Every structure is written in structure tokens, then in C-alpha cells.
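Working notes, beginning with the structure itself.
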Amino acid sequence: MCGICGIAGLTNQQESSLVIRRMNNALSHRGPDAEGYYIKEQVAFGHRRLSIIDLSVYANQPFTEPTGRWALVFNGEIYNYKEVRDQLPQYHFTTSSDTEVILAAYIQWGPSCLEKFRGMFAFALWDEQEKKLFIARDRLGVKPLYYYCKEGHFLFASEIRSVLSSNLVKRQLNKQSLADYLKYQSIITPFTLIEGIFQLPAGHYLYYSDGKVEITRYWNLAEASRAQTEDTVTDVKKNIRHLLYQSVERRLVSDVPVGAFLSGGIDSTAVVAIMAQVSKEKPIAFTIGFKEKKYDETPYAEMVAKKYKVLHHKITLEPDDFLQELTHGLDAMDTPSGDGINTYVVSKAIRQSGIKVALSGVGGDELFIGYPVFDQFKKLQAAKSLFNHTRFLRKAFSALIPGGNQRRDRIKSLLQSPDTSIAHIYPLLRQIQTNANLDSLTNLPKTFSRNGSLEKLLEANAGKMNAFDPYGQVTMGEYLGYTQHVLLKDTDQMSMAVALEIREPFFDHDLVEYVTGLPDAVKGTAYPKQLLVESLQPLVPEEIVFRKKQGFVLPYDVWMRNELKDFCAAKIKQLAARSYFNGRKLTAYWQNFVQGKADIRWADIWIFIVLEHWLEKNNISTD
């Protein structure tokens, strides 16, 4: 796990050297163990290393091979690198790293090497002979990659702040992405909040040469997954068990100790239980506990730790610990998010214990119907015929519902939807701000709120997605929307801010492809994560499965009206003065929240606070 950056197209090596060092310094938090540079006439690479596999200096990056033709920078892990290495007997390896395996595999197979990799990755490879740059990103988008191409030069990096540090990019806000962020607390690929900076989409690779960018998709969930209609329920559970064991075992590949998050919930319990089965070492697990009993889940975590003889570490935090770390967490955000502070504080606590790598149960909800959005969408599909044939009546009825309230606005939007397809319904179910509220609080064109990047992305994939059962469609919607652009992005930016590598077994693409294609009938809804639990029986104790879910919810609504009131008010005032916002209505919106207006949630306000903090910190223009 590392930070990578690069620039191509600058012909002055002295200038390239200055630019790449600025870019690499902006990534120092991602890789405290080593830094390196590769600077040639037309290209420069920078690398910050967090040493996980092959800890020797010989595996430092940028990595080059003896002929001098190839250079590579790589962020992530290739879990099956030893298997791939065995398929390359003609290459003379000088390290035991997965980095060198990537280079050898590309030399042998070109872009087809991506089909062989099992892992999370973003890497860039320069061909000095052909003067060509190749960049690739993993299938599910676990590792980020941003790029900018203009005026004869091409820049890329693991974080937006690194690209901005080049001083070659105008810090101008992207208005469409602003609308997307306020609606979904995320920015959908390939865009970012900065004009001209793009995300390389998950499952894609890119070639850059002579000022031209060519992007190719090599993986798509809707195409890779298939309907599992022939497997019996017994076969399904056996296959899921095998895939989960395989996924966890892959993610234990490391030359440093690997820990795990253990919350006492089903997903993290499943991961730790499997670790105990497949690892030669005792699992190391970390539980974040709280003095407030109604939030504290450590008794359940301790039960699991005892059952599987885990080396268990309990870290007790109080709400004030999160409050004190708040500004540090906001500063750590490479891109603004309405969530993520929890991940930052927990990651920091684990990293301070000396652990560099930790497995997480994140991602289980997307596969095993853990969110309300799954059943909401399925219920609409059950009424699809009636819904689709009453469009005129629905529109007429929606006109009678008064606006000015986000709950009513959501109902109106749902009634006005042309049909119940995933492309039209999923965005409505995942909104933070409704279209009507966005129109009221901003001066953005209405077309931005009505037809955003998520809607367009879903429409482009709808044909393939519609072939799956409702739960499978929502899983795909999650990977294209919330999961990839909020959950995975927050996990990466908040953990890497403190140099902690998080690995997510539920984001193994072999597992995802299989479970997505399963019919809804086998996924079960009798109790939470039924298919997951039954596939792993008896690994997850019944006390974990059937307990009342506690969860830890930070008291933001209280803080924002008390301890954080002045901080929030100042941010709102500054944001209200920006040209893209209706200052009067935004200020009134904040005041209504402070006064306790019931239909304004803290999250509705918080996304504005985070946005302004990010705009200020990065000196982004909104003129």
C-alpha cells in the first residue's frame, strides 16, 4: 500500500523534478517507510512506500528492470502474486515483491495481465522505448487513481491533493460534480470536484502517448456476473463458504502482522472467524469500545475473541475523542464526504498500536442485503405493473402534495418517476438532498440536479442490470454509486491518512461476481445476513446473529448546536457568500436546523460544512 504520482509531457527535466517532488510530498502520509523518484526526459514518477510485502530496499519504487526500458509505480496489493509469478519462468526475478510480478506480467501479456491479478491496485508503467504510459485500476475501485491531461502534459496520482500540488492545474470547482456531491455525498466517476481532474473508472486501464488519452474497460460487474440458476441452495452455501475462505486467505499475504477490525457484528465476526480457520497464526483483532453501555459492543466482540482464541485488543474511546479529532479528520479528506470521521479515528487508534495492515468486514451489506434500500427497491418491483401503468395519476397526485419539506419532496419525486427501473429509483433512494432542496439552496442549473452523473451512469448500464433479480440490481447500483464513491473512498482516504492498509474480503471480485448473480429466493430475509450466516454455519454465534443491533452514532446533532455551533456557523457564512449558493436560503436553512426544525437532519447540514472546509483548505475557486 502506497502513494503514487507521475507526470508525462514536460520536456524540461529540472521542471519535472520540481513538480514531481511537490506531488510526492503531498502523499507523504500514505507511505512513511520510503520515497523514490524516476525522472527521464519525458516522464517523472514519484512513490511513497508503506512496506508490506518484501520489506527490503530492493523492492522500493519506482521499480525498473535491467534493460532500462520499463519503470513502474504501484499502489495496493496483488494477493495472488506468487501464483502469477509461477507462470513467468522466463523472467529473472530480483525481489520477492508483488511489484516486480506486475512488471513481469505486463511485459509478458500486456493489458491482459490484469485478468490474472487478484487484488486491489492502481499502477502506472512507463515504456521508455515506445514513450507510452499505461495506467490501470482494480476491478471494484478499491484503490483510487486521478489524472489530468491538458496543454501537452499528463498528471496522475493517488490523491487529488497531489495533482493540485503540481501547480499546473487551475483550482476551479466543477459545478455538475458539486450538484452530485450535495445530492449523494460523493462524486461519480469519471469526474471530480475539480474541473479537468478525472477519476480513472474502476475496472479500466488507460494509455497516454503524444498528448492523447485512450481508456478501455476490462471488467464490468454486470457482464462478469451470471445468473446462478443451476446451483442448489446447498451448492450456493458451499460455494460462498469456499469463496469467503479463499478471499480471507488471500488477504493474509503479508510480511508484516495482519490484524482485523472486530466490532461484534456479523460481518467482522465472519472475517475473524475465517482468519482463525485459515491462518497459521492467532488472529490479532481490535475492538473500539465505549464507556456508554448503550453503544458498547465489546461484550460481543470479546465472546468472538474468546471462541476463536484471538489476540484481542480493546481500545476505549469517548465521543469527545471524536470531537477532538474532528478537524484532523476533515483535513485528512482528499475529497469531501459526509461520512468518514469514524474510520479516521478508529484507523488512527489501530495504527498507533503498531499494526500496518487490518482486515475489515466492510462490504458485507452490499452483497448480503444489509441496507434498507434493498427491500425498498424489491417492494417497488413487486408493484411494477401497477406503478408503470399509473404514471398520469401519479403525476396528478404528486402535484397536490405541498413542497418545502424533504420527506414530502422525496415522495413527490418517487411518484413522478417514469418507472421502477434501477436507473430511476436507486438515485431517489440514495439522495441526501432532494432536487427541490438543491434548487432552493444553490444557484446551479436545474439540469444538474435532475440529470446528474449517477443517473447517467446507471442509465448507461441499465440494459445489463435489468437482467438480474432486484437484489442483484441494487448490489450493482451500490457498486456504481454509494459503495464505490463513498464507502471505499472513505476507507482509503481515512485509513491511508494514518498509513494503515485496510483489506476488505467482501470486495473480492470472485465473491462479488458469484453472489450478485444469485436469485433473490436464496438470499433470504428471515433474519439479518441470512445467506452469509447459513453459508458459514456454525462460525457466527447465534448471540451475534440475533442480538439487537446497537451501533455507535456520534451525537453530531447535539455537537452542531453546541460545541461545534460557532465552527459550523462560520463555515455556513463563508459558503453562503460563494456565487454557486443562495446565501439567504442557505443561512435560513442553517438557522432552522439550530432551532430544531424536525425535517432537517444533521447530515443534511454537515455536507455543507465539510464542503466549505475542503474548499478553503485546497483554495478552490467558485467564481
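The values are calculated or read from the model by the stated rules, or taken from the named source; none is laboratory data. Nothing here was measured: the structure is a model prediction, and the numbers come from that model. All Cβ positions, glycine included, derive from the backbone under ideal geometry; neighbour counts span all protein chains shown.
Entry remark, the stretch 362-385: residues being within 17 Å of the chain's Cα centre (by Cα) and hydrophobic (A, V, I, L, M, F, W, C) number 2 in total. For the residues A44, A34, the requirement of being of a type in the set (G, A, S) and surrounded by fewer than 18 Cβ atoms within 10 Å (Cβ to Cβ) singles out A34. Inclusion of N80 among residues that are surrounded by fewer than 24 Cβ atoms within 10 Å (Cβ to Cβ), of a type outside the set (A, V, I, L, M) and within 25 Å of R139 (Cβ to Cβ) is warranted. Scanning the stretch 316-332 for residues that are crowded, with 17+ Cβ neighbours inside 10 Å and farther than 18 Å from E563 by Cβ turns up just one, A332. For the stretch 246-257, the criterion of being among the aliphatic types (A, V, I, L, M), more than 28 Å from L367 (Cβ to Cβ) and under 22 Å from the mean Cα position of the chain (by Cα) is satisfied by no residue at all. If the condition is being in a loop (DSSP other than H, G, I, E, B), touching a residue at least 12 places away in the same chain (Cβ under 8 Å) and either among the polar types (S, T, N, Q) or surrounded by 18 or more Cβ atoms within 10 Å (Cβ to Cβ) (or both), then the stretch 418-451 contributes T420, S421, R430, Q431, I432, Q433, T434, N443, L444. When S16, S51 are checked against the criterion of being crowded, with 17+ Cβ neighbours inside 10 Å, polar (S, T, N, Q) and over 30 Å from the mean Cα position of the chain (by Cα), a single residue qualifies: S16. Residues in the stretch 132-164 that are in a loop (DSSP other than H, G, I, E, B) and modelled with pLDDT under 95: E151, G152. Checked against the criterion of being in contact with a strand residue (DSSP E or B) (Cβ under 6 Å, 6 or more places away or on another chain) and surrounded by fewer than 23 Cβ atoms within 10 Å (Cβ to Cβ), the stretch 235-255 contains one or more residues that satisfy it. With respect to the stated conditions, S112 fails to be assigned to a loop (DSSP other than H, G, I, E, B), modelled with pLDDT of 95 or more and out of contact with any strand residue (DSSP E or B) (no Cβ under 9 Å at 6 or more places or on another chain).
Only one residue in E318, E302 is within 22 Å of S279 (Cβ to Cβ) and either modelled with pLDDT under 95 or charged (D, E, K, R) (or both). Which one?
Numbers: E318 fails: within 22 Å of S279 (Cβ to Cβ).
Exactly one of E318, E302 is within 22 Å of S279 (Cβ to Cβ) and either modelled with pLDDT under 95 or charged (D, E, K, R) (or both), namely E302.
The set of residues in the stretch 126-147 being crowded, with 23+ Cβ neighbours inside 10 Å, touching a Leu at 6+ places or on another chain (Cβ under 7 Å) and within 28 Å of S16 (Cα to Cα) consists of W126, I135, A136, R137, L145, Y147. Being part of a strand (DSSP E or B), closer than 23 Å to L488 by Cβ and under 29 Å from the mean Cα position of the chain (by Cα) is a condition met by no residue of the stretch 92-105. Yes or no: the stretch 195-217 includes at least one residue that is in a loop (DSSP other than H, G, I, E, B), surrounded by fewer than 17 Cβ atoms within 10 Å (Cβ to Cβ) and either of a type in the set (V, I, T) or in contact with a Pro (Cβ under 9 Å, 6 or more places away or on another chain) (or both). Checking the stretch 195-217: not a single residue is in a loop (DSSP other than H, G, I, E, B), surrounded by fewer than 17 Cβ atoms within 10 Å (Cβ to Cβ) and either of a type in the set (V, I, T) or in contact with a Pro (Cβ under 9 Å, 6 or more places away or on another chain) (or both).
Within the stretch 401-413, track down each residue that is in a helix (DSSP H, G or I) and within 19 Å of N592 (Cα to Cα). If you could, list the steps in order and put the result at the bottom.
Keep residues of the stretch 401-413 that are in a helix (DSSP H, G or I), which gives 406-413.
Answer for the stretch 401-413, where residues must be in a helix (DSSP H, G or I) and within 19 Å of N592 (Cα to Cα): Q406, R407, R408, D409.
Taking the conditions (1) surrounded by fewer than 15 Cβ atoms within 10 Å (Cβ to Cβ); (2) part of a helix (DSSP H, G or I); (3) of a type outside the set (V, I, T) in turn, N167 satisfies each one other than (2). In this structure, does H312 turn out to be touching a Ser or Thr at 6+ places or on another chain (Cβ under 8 Å) and not basic (K, R)? Here the answer is yes, as H312 does meet what is asked. Whether a residue is closer than 19 Å to A136 by Cα and either in contact with a strand residue (DSSP E or B) (Cβ under 7 Å, 6 or more places away or on another chain) or outside any helix (DSSP H, G or I) (or both) was assessed, and F74 passes this test. For the residues V84, V73, the requirement of being within 26 Å of K131 (Cβ to Cβ) and in contact (Cβ under 8 Å) with a residue 24 or more places away in the chain singles out V73. Filtering I102, I107 for residues that are β-branched (V, I, T), touching a Phe, Trp or Tyr at 6+ places or on another chain (Cβ under 8 Å) and surrounded by fewer than 24 Cβ atoms within 10 Å (Cβ to Cβ) leaves a single hit, I107.
Within the stretch 541-581, how many residues turn out to be among the basic types (K, R) and either outside the structural domain of Q591 (by TED's automatic domain parsing) or under 24 Å from D267 (Cβ atoms) (or both)? Spell out how you get there, then give the answer.
In the first step, residues of the stretch 541-581 are kept if they are among the basic types (K, R); the result is 547-549, 561, 565, 571, 573, 578.
Remaining after also requiring either outside the structural domain of Q591 (by TED's automatic domain parsing) or under 24 Å from D267 (Cβ atoms) (or both): 547-549.
Qualifying residue count, the stretch 541-581: 3.
Which ones in the stretch 276-296 are in contact with a helix residue (DSSP H, G or I) (Cβ under 6 Å, 6 or more places away or on another chain) and closer than 24 Å to F368 by Cβ? Talk me through it step by step, then tell me what you get.
Initial filter on the stretch 276-296 (in contact with a helix residue (DSSP H, G or I) (Cβ under 6 Å, 6 or more places away or on another chain)): 278, 283, 285-289.
Matches in the stretch 276-296: V278, P283, A285, F286, T287, I288.
Considering only the stretch 291-344, how many residues are hydrophobic (A, V, I, L, M, F, W, C), farther than 30 Å from N618 by Cα and in contact (Cβ under 8 Å) with a residue 60 or more places away in the chain?
Going through the stretch 291-344 one residue at a time, the tally reaches 2.
The numbered conditions (1) within 21 Å of the chain's Cα centre (by Cα); (2) without any contact (Cβ under 8 Å) to a residue 24 or more places away in the chain are all true for K212 except (1). Keeping to the stretch 288-302, report how many residues are within 16 Å of I266 (Cβ to Cβ) and loosely packed, with under 15 Cβ neighbours inside 10 Å. Counting residues in the stretch 288-302 that are within 16 Å of I266 (Cβ to Cβ) and loosely packed, with under 15 Cβ neighbours inside 10 Å gives 1. Every listed requirement among (1) at pLDDT below 95; (2) farther than 28 Å from Y148 by Cβ; (3) within 28 Å of the chain's Cα centre (by Cα); (4) not aliphatic (A, V, I, L, M) is met by C2 save one, (2).
Does T491 fit the bill of being of a type in the set (V, I, T) and within 14 Å of the chain's Cα centre (by Cα)? Walk me through it before giving the result.
Numbers: of a type in the set (V, I, T): yes; within 14 Å of the chain's Cα centre (by Cα): yes.
Considered against the rule, which asks whether it is of a type in the set (V, I, T) and within 14 Å of the chain's Cα centre (by Cα), T491 comes out as yes.
For the stretch 528-623, which helices (runs of 4 or more DSSP H) that fit wholly inside it have 2 or more residues that are among the polar types (S, T, N, Q) and surrounded by fewer than 17 Cβ atoms within 10 Å (Cβ to Cβ)?
Working: elements: 530-536, 542-545, 556-561, 565-576, 583-594, 602-617.
By residue number, 583-594.
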